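The values are calculated or read from the model by the stated rules, or taken from the named source; none is laboratory data. Computed from a prediction, not measured in an experiment: that's the story for all the values here. Neighbour counts are summed over all protein chains in view; Cβ atoms, including those assigned to glycine, are modelled from backbone coordinates with ideal geometry.
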Amino acid sequence: MNFSVPRPAEGGFSGGDAVLTVTQLNRRVAQLLEEGVPRLWVAGEISNFTRAASGHWYFSIKDEAAAVRAVMFRGRAQAVGFVPEVGGRYEFRVQVSLYEPRGDYQVQVESLRRAGRGDLHEAFLRLRDQLTAEGLIDPARRRPLPALPRVVGVVTSLSAAALRDVLSVMARRAPHVRVVLYPSQVQGRDAVPQLCAALDRAAGRAEVDTLLLVRGGGSLEDLWCFNDEALARRIAACPVPVISGVGHETDFTIADFVADLRAPTPTAAAELCCEDRSQVLGRLLAARALLVRGQRRRLEHANIRLDRARAQLVSPTQRLQMRRQRLEFAARRLQAGLGPLLLERGRRPSDALGRLSAGMNALLQRRHRRLDTVLAAMGALDPHRVLGRGYALVRRGDGMIVKNALDLKIHEPIEIEFGQGRAQAEVTRTDFF
């Protein structure tokens with residue numbers, strides 16, 4: 001490969017008596033490298049690979065006789081679609097530069113592809129960029145998975161080890177969840193149409209809550225059917241949430257990008273599709289215990305309020321008797337107070353007291369008759385008098401009076417109040433007239 005280094009600008013490396021600092025020297029060398037060496041492709045083997053917490057990749061590119069340090073910043077690394085392996089041979093698109101603080105010559109990697117597979121990788125990148133532009137890879141498009149699916153569908157080969165892994169995990173973690181298989185080839189020329197047909201069957205039957213698209217590890221060529229555009233569009237359009245679990249953790253396919261969730265392996269896909277039954281049962285038992293404790297507290301408070309209300313309850317007869325006593329007491333006080341008042345004013349006390357007494361007696365008689373009428377009317381409405389004729393009041397456990405037999409449940413405890421006493425009972429049958 002031919003490239004040329006430009007002549008140094010005026011004031012550059014022209015010699016003379018100028019004295020440069022180390023920083024100035026390194027900056028000028030870095031400028032010469034970046035301007036003089038164009039972006040180019042370099043083939044080599046990865047060694048000393050480090051993935052930093054920041055997301056940047058640091059490694060060396062080497063061949064049989066030499067090595068060069070390389071860095072791939074996070075934004076570029078995320079676009080690769082897979083994590084390179086130490087010892088693997090790749091082709092790197094690089095910009096030559098200098099790390100000025102140490103004066104180390106290095107290359108900044110803008111993209112990489114597996115050596116000898118550049119065409120496939122380029123096709124992968126083009127399709128990924130196209131689907132990204134259309135919004136099919138937008139994370140906002142992904143749908144949430146159901147927390148407690150009842151039926152899970154699996155799209156894979158009948159002979160795949162991935163199917164055995166998924167079934168094993170489901171039997172261990174969620175034996176209550178039914179699994180429906182939509183068989184398809186997952187490798188070879190006929191894999192794409194069969195995978196698309198399997199997704200169509202799952203969407204048409206509408207019998208599953210979550211769909212797993214799984215396959216075990218393999219070479220780039222083995223997994224290439226999962227980089228097909230038609231399959232990617234089927235996954236994006238599927239009305240059922242799709243979990244993609246294709247290959248190993250370091251393998252990325254277009255299906256992973258358009259699925260609602262990517263799992264690193266088929267086993268992980270089965271684990272992510274539903275919660276462990278023991279955890280769900282544990283939460284249910286805790287919720288049940290909390291509910292029981294709360295209901296008990298409510299019943300205890302209700303019983304306390306009921307006891308207080310019963311203690312304050314006064315029958316209508318007692319209430320009228322108290323009113324009658326207060327009225328008679330007021331009449332006696334009035335008679336005792338009017339006598340001295342009339343004597344002081346020079347009136348004839350005997351005549352006045354006689355008229356007053358007669359008037360008070362007539363008033364008291366009228367009030368007594370009204371009280372008797374009210375007492376008779378209220379006595380007819382007194383529930384205890386009704387109970388005395390053979391009727392009974394039925395109350396539920398919360399103290400509410402039962403008016404309709406349909407409000408009762410079989411085996412529900414009830415309390416029956418008679419004219420004399422109460423009884424506890426249990427509902428064994430209800431009839432409605």
Quiz item: If only one of 67, 77 is without any contact (Cβ under 8 Å) to a residue 60 or more places away in the chain, closer than 20 Å to residue 262 by Cβ and either outside the structural domain of residue 30 (by TED's automatic domain parsing) or surrounded by 13 or more Cβ atoms within 10 Å (Cβ to Cβ) (or both), which one is it?
Solution: 77
Practice problem: Working only within segment 124-137, note down all residues that are surrounded by 12 or more Cβ atoms within 10 Å (Cβ to Cβ) and under 26 Å from the mean Cα position of the chain (by Cα). | Solution: 136, 137
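Residue by residue, here is whether (1) touching a strand residue (DSSP E or B) at 6+ places or on another chain (Cβ under 7 Å); (2) within 30 Å of residue 372 (Cβ to Cβ); (3) surrounded by 10 or more Cβ atoms within 10 Å (Cβ to Cβ); (4) modelled with pLDDT under 80 holds:
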site: 295; (1), (2), (3), (4): no, no, yes, no
site: 301; (1), (2), (3), (4): no, no, yes, no
site: 304; (1), (2), (3), (4): no, no, yes, no
site: 308; (1), (2), (3), (4): no, no, yes, no
site: 317; (1), (2), (3), (4): no, yes, yes, yes
site: 328; (1), (2), (3), (4): no, yes, yes, no
site: 343; (1), (2), (3), (4): no, no, yes, yes
site: 347; (1), (2), (3), (4): no, no, yes, yes
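For segment 31-85, enumerate the residues that are hydroxyl-bearing (Ser, Thr, Tyr) and in contact with a strand residue (DSSP E or B) (Cβ under 7 Å, 6 or more places away or on another chain).
Selection gives 47, 50, 58, 60.
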Quiz item: Within segment 168-179, which residues are in contact with a helix residue (DSSP H, G or I) (Cβ under 8 Å, 6 or more places away or on another chain) and of a type in the set (A, V, I, L, M, F, W, C)?
Solution: 169, 170, 174, 177, 179
Practice problem: Taking residue 36 as the residue in question, decide whether it is within 22 Å of residue 248 (Cβ to Cβ), at pLDDT below 90 and either loosely packed, with under 13 Cβ neighbours inside 10 Å or not β-branched (Val, Ile, Thr) (or both). | Solution: no
Quiz item: What number of residues in segment 194-250 are touching a strand residue (DSSP E or B) at 6+ places or on another chain (Cβ under 8 Å) and either of a type in the set (Asp, Glu) or in contact (Cβ under 8 Å) with a residue 60 or more places away in the chain (or both)?
Solution: 10
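Show me the helices (runs of 4 or more DSSP H) found entirely inside segment 186-305 where at least 2 residues are under 17 Å from residue 148 (Cβ atoms). Reasoning before the result, please.
Numbers: elements: 191-205, 229-237, 254-258, 266-273.
Counting at least 2 such residues, we get 266-273.
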